[in-house]
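Scroll down for the structure; my scribbles are underneath it.
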Amino acid sequence: MEIVNTGEVERDLNGWRLVDVSDDGPTFTFPEFVIPSGGRVRVYTNEVHEDWGGLSFGRGTAIWSNGDPDTAGLFDAAGTLVSSKTYPPGCP
C-alpha cells in the first residue's frame, strides 16, 4: 500500500492505522514516522524495503485480495478515517 502526503507540510504518522476495513483487520499501526510534504511511503505485507520507509505488516498471507473487493482505510491517531481505497480498481 502506498501513502502519499499531498499536503503542504510534513505529517507525523505516529499512531496512525492502516486497516483492511472489509475484513475488520488486519491492522498496521505506524511507529514514529514522519512523511514529508510530497513524500511517499509504502507498507508491505511481508517485506521490508528501507528505501520505501521500511514498514511491513509482517504477515505471511496476502491482505488485499485481488479477487474480491477489499477496502483499505487510513485512520489518523484520533481514529478519524483520512483516506480509503477499494481493490480491485474499478470497484466502488
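Of all residues being at pLDDT 90 or above and open to solvent by 30 Å² or more (accessible area, probe 1.4 Å) in the range 38-55, which is nearest to Ser84 (Cα to Cα)? Just the residue, please. Within the range 38-55, the match that is nearest to Ser84 (Cα to Cα) is Arg40.
The range 1-58 holds strands (runs of 3 or more DSSP E) entirely within its bounds, and those carrying 3 or more residues that are within 10 Å of the chain's Cα centre (by Cα), closer than 16 Å to Asp70 by Cβ and free of Cβ contacts under 8 Å to residues at least 60 places away in the same chain map to 17-20. Would you check if Ile35 is modelled with pLDDT under 80 and aliphatic (A, V, I, L, M)? So Ile35 fails the test. Applying the criterion of being open to solvent by 30 Å² or more (accessible area, probe 1.4 Å) and of a type in the set (D, E, K, R) to the residues of the range 56-87, the residue that is nearest to Gly7 (Cα to Cα) is Asp76.
The values are calculated or read from the model by the stated rules, or taken from the named source; none is laboratory data. What you are looking at is a predicted structure, and each value in this text was computed from that prediction instead of being measured. Neighbour counts run over all protein chains shown; Cβ positions are idealised from the backbone, glycine included. In case anyone asks, the SASA skips ligands and DNA or RNA and just uses the protein heavy atoms, side chains included. Shrake-Rupley method; radii C 1.70, N 1.55, O 1.52, S 1.80 Å.
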